[in-house]
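Here is the structure we will look at, set down as structure tokens.
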Amino acid sequence: MSNEASSALDNSASIASYIDHTLLKPEASEAEVRQVCAEAAEYKFKSVCVNPIWVKTVTKALKGSGVLTCSVVGFPLGATPSDVKAFEARGAVLDGADEIDMVINIAAARAGDKGALVDDITTVAEAVHAGGAILKVIIETALLNDEQKVLACEASVEAGADFVKTSTGFNGGGATVEDVALMRKTVGPDLGVKASGGVRSLADAQAMIAAGATRIGASSGIAIVKGEQGSSAY
């Protein structure tokens, strides 16, 4: 475990820098989005993660705060063509997104088709990196067995992704310590690992970081840093 991770385990405030403060529900209002931005600036979360329609709003609201803007593509199913995901990613980056979380072709992972996975991720990675942003790859662990999880992580490394991520939070299940540890073992020390879905407390976040997570996706970020129990599903 890195010194940074050890510090985070001991200090709830430092965990804030691991958290993507997340609002991905489709019915989210502009007022709710702005509230999440204000919270992120106050608590010094790593980023605010929103659907693409809110990227311009978030980027403007966070200007000067040091908090990054994160968005999602191919979300939450991953079942759109790669060039469509890349188009969506380019638009979000042009609107101000610093980070993009994409959903893989889950059917390809379940079929063991590594080539299709690499092609899918590479297409999006090229679009994201061309705009100076970073790419996180959601493998949707709840829908994969361990062999398929490893395959998806290996494909992410080969395709040049910057992170692998457990879950959308919308397809059943969420992050587990076991999955985070498996993903970290597979990608090695150089890629980020994001645990998302069901991380609702400081203890949850500490366990994920201890297992190898370098980022936490949560809509319960305030509860986490306060040492309380969040109630959100994401």
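Within the shell of other residues whose beta carbon sits under 14 angstrom from the beta carbon of Phe87, the net charge comes to -3, with Lys and Arg scored +1 and Asp and Glu -1.
Cysteines in the chain that lack a partner Cβ within the 4.7 Å cut-off: Cys37, Cys153. You can think of it this way: the chain between Glu32 and Glu158 has 41.6 nm of extra reach, that is 0.36 nm per residue less the Cα-Cα gap. Classified by the C-alpha gyration tensor, the range 182-234 has a prolate form. Its axis ratio a/c, with a ≥ b ≥ c, is 1.5 or above, and a/b is larger than b/c.
Is the range 135-234 best put as rounded, prolate or oblate by its Cα gyration tensor, with a ≥ b ≥ c the root eigenvalues, rounded for a/c under 1.5, and otherwise prolate when a/b is larger than b/c, oblate when not? Prolate, because a/c is 1.5 or more and a/b exceeds b/c. Taking only C-alpha pairs under 8 Å that are 6+ residues apart, what is the relative contact order of the range 7-81 in percent? With pairs under 8 Å counted, the relative contact order is 28 percent. Residues whose amide H comes within less than 5 Å of that of Leu68, counting only those at least five positions distant or on another chain, are Ser47, Val48 (H built at 1.01 Å from N in the peptide plane). Dividing the summed -39500 (n - 2.57) terms of all DSSP H runs of n ≥ 4 by the residue count of the chain sets its mean residue ellipticity at 222 nm at -14000 deg cm²/dmol.
In terms of the mean number of neighbouring beta-carbon atoms within 10 Å, the peptides 205-211, 29-35 order highest first as 205-211, 29-35. Entry comment: accessible area of the chain is 41 Å² per residue, from protein heavy atoms only and a probe of 1.4 Å.
With contacts taken as Cα pairs under 8 Å and at least 6 residues apart, the range 103-193 reaches a relative contact order of 30 percent.
Over all other residues within a Cβ to Cβ distance under 14 Å of Gln148, the charged ones net out to -3, with Lys and Arg as +1 and Asp and Glu as -1.
Based on the Stokes-Einstein relation at 25 °C and a viscosity of 0.890 mPa s, and on the Kirkwood radius from alpha carbon pairs, the range 60-162 is assigned a translational diffusion coefficient of 181 µm²/s. Atom-type composition of the exposed protein surface of the range 73-151 places 55 percent of the accessible area on carbon and sulfur (1.4 angstrom probe). Restricting to the chain, compute how many DSSP beta bridges are antiparallel as a %, nearest 5. So the antiparallel bridges amount to about 5 percent of the total.
The values are calculated or read from the model by the stated rules, or taken from the named source; none is laboratory data. Note that the structure is predicted; figures quoted are calculated from it, not measured. So basically every Cβ, Gly included, is an ideal-geometry build from the backbone, and we count neighbours across all protein chains shown. Accessible surface areas use protein heavy atoms only, side chains included; no ligands, DNA or RNA. Shrake-Rupley method; radii C 1.70, N 1.55, O 1.52, S 1.80 Å.
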